[in-house]
Amino acid sequence: MRMGVACLKLPQEVVRRDALVWQRRAEAMAGALKLEGVEVQLPTAGMYLWLRLPPGVEDDVAFCQHLVATTGVALAPGQGFGPGGRGYVRVALVQPEGVLEAAAVRIAEAMRRKPAAASIRPDDPLEAGSAAAAYV
């Protein structure tokens with residue numbers, strides 16, 4: 001709560017500057033995903049994108065575990081935000097545009113492969129320091 005109050009006290013030019021950062025990142029990520037054939041809508045505000053998983057991929061937790069284990073890209077499973085989030089993943093726009101665009105390619109490839117839950121091994125080690133290891 002204190003952080004929310006502190007944010008409300010920020011000068012408007014800081015708020016506008018930060019909002020432009022999130023907008024540019026959202027546009028970069030959404031544009032890259034669309035180029036890869038993934039349907040996505042730009043948010044009207046905020047630092048997240050929501051993606052619906054493709055038909056045949058039901059378990060958003062398993063998809064996210066598989067994605068991070070195979071690509072190093074970490075997304076948040078939608079069901080962590082309530083029952084309406086099942087079948088969705090949340091992308092946090094916390095990386096620079098170039099990293100987001102590279103992650104978009106990996107996300108789209110994983111969506112096209114439609115990994116089976118049996119293939120998920122969340123204990124697989126990720127390459128430390130690899131360019132693929134990005135939280136988005």
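Worth pointing out:
- Of all residues in region 27-38, those that are in contact with a strand residue (DSSP E or B) (Cβ under 9 Å, 6 or more places away or on another chain), over 17 Å from Pro96 (Cα atoms) and in a helix (DSSP H, G or I) total 0.
This table checks each residue for (1) surrounded by fewer than 18 Cβ atoms within 10 Å (Cβ to Cβ); (2) in contact with a Lys or Arg (Cβ under 6 Å, 6 or more places away or on another chain); (3) at pLDDT 95 or above.
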residue: Glu13; (1), (2), (3): yes, no, no
residue: Asp18; (1), (2), (3): yes, no, no
residue: Ala26; (1), (2), (3): no, no, yes
residue: Gly31; (1), (2), (3): yes, no, yes
residue: Lys34; (1), (2), (3): yes, no, yes
residue: Glu39; (1), (2), (3): yes, no, no
residue: Leu49; (1), (2), (3): no, no, yes
residue: His66; (1), (2), (3): no, no, no
residue: Val89; (1), (2), (3): no, no, yes
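- In this structure, Thr70 does not satisfy being modelled with pLDDT under 95, among the polar types (S, T, N, Q) and within 30 Å of Val15 (Cα to Cα).
- Hits in region 1-11 - residues which are loosely packed, with under 10 Cβ neighbours inside 10 Å, part of a loop (DSSP other than H, G, I, E, B) and of a type in the set (A, V, I, L, M, F, W, C): Met1
Let's see how each residue does on (1) outside any loop (DSSP other than H, G, I, E, B); (2) under 13 Å from the mean Cα position of the chain (by Cα); (3) among the small types (Gly, Ala, Ser):
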{"residue": "Ala19", "(1), (2), (3)": "yes, no, yes"}
{"residue": "Val40", "(1), (2), (3)": "no, yes, no"}
{"residue": "Pro55", "(1), (2), (3)": "no, no, no"}
{"residue": "Phe63", "(1), (2), (3)": "yes, yes, no"}
{"residue": "Val68", "(1), (2), (3)": "yes, yes, no"}
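The values are calculated or read from the model by the stated rules, or taken from the named source; none is laboratory data. Please read all numbers here as calculations on a predicted model, not as lab measurements. No Cβ is skipped: glycine too gets one built from the backbone with ideal geometry, and neighbour counts run over all protein chains shown.
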